[in-house]
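The values are calculated or read from the model by the stated rules, or taken from the named source; none is laboratory data. Since this is a predicted model, take the numbers as computed values, not measurements. Glycine gets a Cβ as well: all are built from the backbone with ideal geometry, and neighbour counts include every protein chain shown. To get the accessible areas, we keep the full protein, side chains included, count just its heavy atoms, and leave off ligands, DNA and RNA. Shrake-Rupley method; radii C 1.70, N 1.55, O 1.52, S 1.80 Å.
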Amino acid sequence: MSNRTICLINDSFPPVTDGVANAVVNYGRAITESGSRAVVATPAYPGADDSGFSFPVVRYPSIDMTKLVGYHAGFPFSEKTMQTLMEYPFDLIHCHCPITSAVLARIHVPAVFTYHTKFDIDIANAIHAKLLQEGAKKLLVDNISAFDEVWTVSHGAGENLRSLGYQGDWRVMPNGVDFARGRVPEEDVRAVCRDFDLPEGVPVFLFVGRMMWYKGLRITLDALKKLKDAGHPFRMVFVGSGGDKDE
């Protein structure tokens with residue numbers, strides 16, 4: 001894949017932090033390190049500083065929909081944005097969001113789509129009218145069906161996509177991790193844990209992600225209750241935010 005130019009498109013990107021945004025950053029870094037060129041197209045966000053990335057980031061006009069969906073939704077019909085993107089001779093487009101990003105990605109270049117999460121739940125949380133929910137799902141499926149190849153991050157994600165009405169083929173392409181093997185220095189561990197009640201010798205469980213029930217939080221809490229009822233000492237740390245955080 002050396003000497004290729006690949007466009008990565010997603011609605012979330014730093015300073016917004018979520019799993020998909022991290023995946024896009026990692027894709028961009030890995031593509032660049034492999035000798036190819038990555039270009040990220042993502043909605044404009046207040047205070048965004050893209051100078052620290054090793055690849056160019058093209059920001060396009062956006063609408064603040066944080067209260068509804070948790071991030072800024074891009075406006076994909078910007079003529080200026082399209083002109084900017086067309087200046088790059090893309091060999092491939094890799095899109096990670098089936099709504100506005102998918103509309104922007106539908107130009108005459110081979111394109112791959114990755115389905116990361118259960119969008120039917122996100123749609124239900126954002127849109128309460130059943131008829132509008134079904135319309136949003138159809139738009140989502142139509143957008144995804146236009147891609148040359150569809151990836152899912154797990155078999156469960158693929159089954160969820162199929163349940164929405166998608167009829168095409170898909171393949172599982174798990175997200176990678178870039179953590180170095182081994183433990184971090186003990187002084188770093190102590191610095192991070194200093195303000196928390198994490199005694200030595202007591203097991204610590206950790207969740208990092210969006211605070212949404214469908215992320216497995218309920219079964220996690222049920223399991224922790226069984227441990228507590230059985231008298232097993234432990235600590236649980238949740239890191240993140242999301243629509244179900246208050247609950």
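Structure notes:
- Rolling a 1.4 Å probe over the protein chains gives D148 an accessible area of about 120 Å².
- Working note: Karplus 6.51/-1.76/1.60 with θ = phi - 60° gives the range 38-54 the couplings 10, 10, 9, 10, 8, x, 5, 9, x, x, 5, 10, 9, 5, x, 8, 8 Hz, where Gly and Pro are set to x.
- Of K118/K245; K138/K225; K138/K215; K225/K245; K80/K245, those spanning more than 28 Å from alpha-carbon to alpha-carbon: K138/K225; K80/K245
- Under the Karplus curve 6.51 cos²θ - 1.76 cosθ + 1.60, θ = phi - 60°, whole-Hz ³J(HN,Hα) for the range 178-191, x wherever Gly or Pro sits: 10, 6, 5, 5, x, 8, 6, x, 4, 5, 5, 4, 5, 5
- Computed from phi, the 3J(HN,Hα) profile of the range 98-110 under the Karplus parametrisation 6.51, -1.76, 1.60 (θ = phi - 60°) reads x, 9, 5, 4, 5, 5, 5, 6, 7, 10, 7, 9, x Hz, with x in place of Gly and Pro.
- Proximal charge balance of T5 [Cβ under 10 Å; K/R count +1, D/E count -1]: +1
- The figure for E149 is an accessible area of roughly 60 square angstrom, using a 1.4 Å probe on the protein chains alone.
- The H on the amide N of M236, modeled in the peptide plane, is under 5 Å from the matching H of F205, each at least 5 residues off or on a different chain.
- Extending 7 Å from Cα along the Cβ direction at M236 and again at T220 yields two label points whose distance is 0.8 nm.
- Unit charges at the beta carbon, dipole of the chain: most positive-side option, P233, V189, F207: P233
- What you get for the chain, charging only the Cβ of Lys and Arg (+1) and of Asp and Glu (-1), is a dipole of about 360 debye around the Cα centre.
- Summed residue charge, Cβ within 12 Å of A105's Cβ, Lys/Arg positive, Asp/Glu negative: -1
- Neighbours of G176 by Cβ distance under 15 Å: Lys/Arg scored +1, Asp/Glu scored -1, total 0.
- Proximal aspartates and glutamates relative to K228, as straight alpha-carbon distance under 17 Å, when same-chain residues fewer than 8 apart are discounted: D197
- For the range 150-206, trypsin sites (Lys or Arg not before Pro) meeting the loop criterion (DSSP other than H, G, I, E, B) and having at most 10 other Cβ atoms within 10 Å: R181, R183, R194.
- Were the residues from D142 through F53 laid out at 0.36 nm apart, the gain over their Cα-Cα distance would be 28.8 nm.
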